[in-house]
1. Taking the range 82-131, which residues are closer than 20 Å to residue 44 by Cβ and of a type in the set (Phe, Trp, Tyr)?
2. Filter the range 326-345 down to the residues that are in contact with a strand residue (DSSP E or B) (Cβ under 6 Å, 6 or more places away or on another chain), assigned to a loop (DSSP other than H, G, I, E, B) and either open to solvent by 30 Å² or more (accessible area, probe 1.4 Å) or closer than 21 Å to residue 383 by Cβ (or both) and list them by number.
3. Quick check on the range 82-100: of everything there that is under 20 Å from the mean Cα position of the chain (by Cα) and within 17 Å of residue 233 (Cβ to Cβ), which residue is most open to solvent (accessible area, probe 1.4 Å)?
4. Any idea which of (1) closer than 21 Å to residue 36 by Cα; (2) touching an Asp or Glu at 6+ places or on another chain (Cβ under 9 Å) is the one residue 234 doesn't satisfy?
5. Taking residue 58 and the conditions (1) polar (S, T, N, Q); (2) in a loop (DSSP other than H, G, I, E, B); (3) open to solvent by 40 Å² or more (accessible area, probe 1.4 Å), which numbered condition does it fall short on, given that it satisfies the others?
6. With the requirement that a residue be among the aromatic types (Phe, Trp, Tyr) and under 22 Å from residue 107 (Cα atoms), what does the range 153-188 give you?
Amino acid sequence: GMSITPTMVAIKYLLVLIVFCSTSNTIAIQLSDFFPYGPSAGDITMHPNDDHSDGPFNLPSIFPYFNNNHRHIYVGNNGLFAFLEQINQYIPDPFPLNDSRRLITGFWSDIDTQGTVSGVGNKVYYQIYDSTLQSPGRLITFEKATTFVRQYFPRERPFTPRMVITGTWYRVGAFNSKTDKLNTFQIVLVTDEQRSFTFLLYNDLQWAGPKYTTEPWAQAGFNGGDGVVFEMLPHSRTQDIVKLVSESNVNVPGLFVFRTDTETITEGGCGNGSSSSVYSLRPRIGSQLGLTSLNIQGPCYNTTTTLKCQFGSYGIVDGIIINEFRAVCLTPFAVDDEVVIDWLFSEYILESFPNGTLIDVEFQGVKQSNDGTLETTSTIVIAQAITVESLDNGRYFYQFRIPSSVSTQSTHTGFIRVVARYNSIIYAGLNTGILAIKLQASLANDLCRSWESQQPEATTWNTDMLPCPMTRDQAMAARCCYELDQECFIGSTNPSNCWLH
């Protein structure tokens, strides 16, 4: 019944990357590289229509998507899969959308398959593959899905799909029965019921919207259906969406891969830093107090990569290369004059407050004790005697200046708490998570040295440890205890990089 949002503001990122690597060609993915499709693969062919959906279909396995498990799916003629209800809308609304529109869209637009084309075309094919049932394209489909996950998500644990869903829009035209320009693309959903992945494959995009030269333009991406969480592919809702055939987030023009089971969409693999690479910045908001870890994915990183992040007027931060696929920038202290907090007491909690209850806002410093637990240090009062009557249905926004004492050594780490008191009795309290105030470099170094001096000698704790494996094969066999160190490799510019591993 209570919540508090600590010092969160939108952060504007300007990313500067210097990457030395070769560029790839821009040939779209070939039809031979599509997952099996069409009648020969056992697909269902949707009847010619405009704005129709097939379904709902019962799924043989759970499909996790945006932290929700789904057992039904709809196939929309207009270039999409839907999970909660059929979507016949032909003009796409910009994400994020609510009203239960939980979608995966490859090319959401006004697709019309009623027109006549020469040869085979204007077809929408789909199939739901069950790992326990035989079908003409099942073996190739499951092998390809497993290969994609292993290749484009190399840090994932072994993956064995239980279900694959394919949808193929083959040489489809636009409303009203137009067939002089045709689009071909594919959406593939893969899951083992715990993790799920989506592959978007683009072979040919000749039109960006049903009017060809004016809005509305198509859009592609993911929508959680709650009006909050979403992800859109580049060029969505612009005439340049046809460029998806020559772009990628895994350096394979026309191919986009994502992990989609959690609240945050995760991109697979890495690009080469060229114009065809897609950059992902997460999270999109961070603490004003700094030290939010901004994850940057998209290009492939190596020992020659130099990365810098500029955070508006708050300065430029050197990036840290974590591995080939991910780099991190820590956000700077981003406070001009004031920090903003927002808290909410539920109606039930408010009714428990006696008349005359007052609210205080405090910064509670913490430090690590000798036994590794956290203990409180000093308390710094930020605001006092806020009346309950000043709350807006239990909600309150408060702006305050960071006290100068917060940046001292004793209180650089702690949490903000909101306390409701009456006659010294606490009736309710809200705490943020632990916040780290960015320190001066000299103070940070002193703290590290102080911590180091308090650590016991290694001989006091390492005498009973098992011996290290003598070979890499032994280490790989002992998966309980060892894993590859991505920072240790031949050619590392740090001569002592592997000494302690």
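The values are calculated or read from the model by the stated rules, or taken from the named source; none is laboratory data. Every value quoted in this text rests on a predicted model; they were computed, and no experiment measured them. Backbone-built Cβ (ideal geometry, glycine too); neighbour counts: all protein chains shown. The accessibility values were calculated without ligands, DNA or RNA, using every heavy atom of the protein model including side chains. Shrake-Rupley method; radii C 1.70, N 1.55, O 1.52, S 1.80 Å.
1. Hits for the range 82-131 are 83, 107, 125, 126, 129.
2. 338, the sole residue that qualifies.
3. 94
4. Failed condition: (1).
5. Of everything listed in (1) polar (S, T, N, Q); (2) in a loop (DSSP other than H, G, I, E, B); (3) open to solvent by 40 Å² or more (accessible area, probe 1.4 Å), residue 58 misses just condition (2).
6. Listed by number, the residues that qualify are 169, 170, 175, 185.
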